[in-house]
Amino acid sequence: MSNTNQQNMITQGTTLVGDIFSEGDFRIEGNIKGNIKTSGKIVVGKTGVINGSLEGENADFEGGFSGKLKLSGMLTLRSSAYIEGEVEIAKLSVEPGATFNATCSMKGGVKELINSEEKVSPEKKEKSA
């Protein structure tokens, strides 16, 4: 088993053109033009930009993204984030101020909605002898 506790970093001032495949986490402060596929977490800092596709579990954005984003877990958008394109996720968290111009579909477990009239009050839950 490989060590996935290590974090890969693309620093500010670096432009990477091409595809990245990894099992580890990423912190991106630079510019990526290509596709990223990882089973780890992606953190895009304020100076980070991805143009292409991103596939992974969780992502936390302070920077920009343009393209197709597919996550099996949570997408977190900080107030400085800018996202555009196609987004497919399980959970979404957006801070006020973030820009989210995307078509979005949420996959994952569907929660059953209960009508307020159908809710059982605590008194009705008790069994009488």
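The values are calculated or read from the model by the stated rules, or taken from the named source; none is laboratory data. Computed from a prediction, not measured in an experiment: that's the story for all the values here. All Cβ positions, even for glycine, are placed from backbone atoms using ideal geometry, and neighbour counts span all protein chains on display.
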Unique residue being modelled with pLDDT of 95 or more and either surrounded by fewer than 18 Cβ atoms within 10 Å (Cβ to Cβ) or not charged (D, E, K, R) (or both) when the list is S116, S72, S80 | S80
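Pick from the range 33-46 the residues that are of a type in the set (K, R) and in a strand (DSSP E or B): which of them is modelled with the lowest pLDDT? Let's see the steps before the verdict.
If we filter the range 33-46 for residues that are of a type in the set (K, R), which is where we start, we get 33, 37, 41, 46.
Cutting the leftovers down to in a strand (DSSP E or B) gives us 33, 37, 41.
Details: K33: 97, K37: 95, K41: 92.
Per the criteria, the residue is K41.
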Odd one out for V17 among (1) within 13 Å of the chain's Cα centre (by Cα); (2) at pLDDT 95 or above | (1)
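G30 - would you say it is more than 17 Å from V87 (Cβ to Cβ), modelled with pLDDT of 95 or more and under 14 Å from the mean Cα position of the chain (by Cα)?
Details: more than 17 Å from V87 (Cβ to Cβ): yes; modelled with pLDDT of 95 or more: yes; under 14 Å from the mean Cα position of the chain (by Cα): no.
For G30, the condition - more than 17 Å from V87 (Cβ to Cβ), modelled with pLDDT of 95 or more and under 14 Å from the mean Cα position of the chain (by Cα) - is not met.
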Among all residue pairs at least 6 apart or on different chains, which show Cβ distances below 6 Å where the first residue, located in the range 72-85, is without any contact (Cβ under 8 Å) to a residue 60 or more places away in the chain and the second is polar (S, T, N, Q) and loosely packed, with under 15 Cβ neighbours inside 10 Å?
-> T76/S93; Y82/T99; E84/N101
